[in-house]
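Following: one structure in structure tokens, then a few remarks.
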């Protein structure tokens, strides 16, 4: 039986440069010889290159798809973060011996307001692997090996969640990775409420309690 991914949902976010860093040091599954990382405007596509010749060059191989967005990061004593720091939280604001205006009184009694310190910030591009299987993991050929690549990305990422149900060696396998940490997960089979409702629905066309 070929391993297959049935359910998948992802909210992964990685800095674009971290995605390239990940593939520089990641050992690909044996079924994949290489990956082709392509950017098309604000979309990042990571396509699998088959390791064997038994897949036609005209067969679309599995690919991971992410949208690219820009987030502003602010510099603090603890590093760069998305939330602007409080004025007394150790933000990097330059030298204290600059010529910025201070509080003071003019001769006519008016006051000059001290200039607020400027917080260092920068715009950073993020690759957002967000959505269900059809959005994030596309095409059937080499689907499961590329799912393993996506799991590797999820463990490398510091932000986001990946949940999935896959069939491996005739067994269902649940996957849950949260903020780079793999967590235990189980597959639970439940009744479909819609199916129960359809079973309990009265068949008015064939009912012994209704006479013609």
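The values are calculated or read from the model by the stated rules, or taken from the named source; none is laboratory data. Keep in mind that this is a model prediction, so the values were computed, not measured. Positions of Cβ are generated from backbone atoms using ideal geometry, with glycine treated the same way; all protein chains shown enter the neighbour counts.
The single condition from (1) exposed (fewer than 14 other Cβ atoms within 10 Å of the Cβ); (2) modelled with pLDDT of 95 or more that residue 63 fails is (1). Residues that are surrounded by fewer than 16 Cβ atoms within 10 Å (Cβ to Cβ) and part of a helix (DSSP H, G or I) within region 152-181 comprise just one, 155.
Being in contact (Cβ under 8 Å) with a residue 24 or more places away in the chain and more than 18 Å from residue 166 (Cβ to Cβ) is the filter here; which residues of region 42-58 pass it? Matches in region 42-58: 42, 43, 44, 46, 50, 55. Only residues that are touching a strand residue (DSSP E or B) at 6+ places or on another chain (Cβ under 6 Å), outside any loop (DSSP other than H, G, I, E, B) and either at pLDDT below 95 or surrounded by fewer than 15 Cβ atoms within 10 Å (Cβ to Cβ) (or both) were counted across region 112-138, and they come to 9.
Quick check on region 70-86. Is at least one of its residues under 17 Å from the mean Cα position of the chain (by Cα) and under 18 Å from residue 26 (Cβ atoms)? No, the conditions are met nowhere in region 70-86. Restricted to region 79-103, and to residues there that are part of a loop (DSSP other than H, G, I, E, B) and at pLDDT 70 or above, the residue that is surrounded by the most Cβ atoms within 10 Å (Cβ to Cβ) is 85. Quick one: which residue in 137, 162 is within 19 Å of residue 48 (Cβ to Cβ), in contact (Cβ under 8 Å) with a residue 60 or more places away in the chain and under 11 Å from the mean Cα position of the chain (by Cα)? Just a single option satisfies the conditions, and that option is 162.
Determine, yes or no, whether residue 141 is crowded, with 19+ Cβ neighbours inside 10 Å and either under 18 Å from residue 28 (Cβ atoms) or in contact with a strand residue (DSSP E or B) (Cβ under 8 Å, 6 or more places away or on another chain) (or both). Walk me through how you get there before you give the answer.
Details: crowded, with 19+ Cβ neighbours inside 10 Å: no; either under 18 Å from residue 28 (Cβ atoms) or in contact with a strand residue (DSSP E or B) (Cβ under 8 Å, 6 or more places away or on another chain) (or both): yes.
So residue 141 does not fit the description; no.
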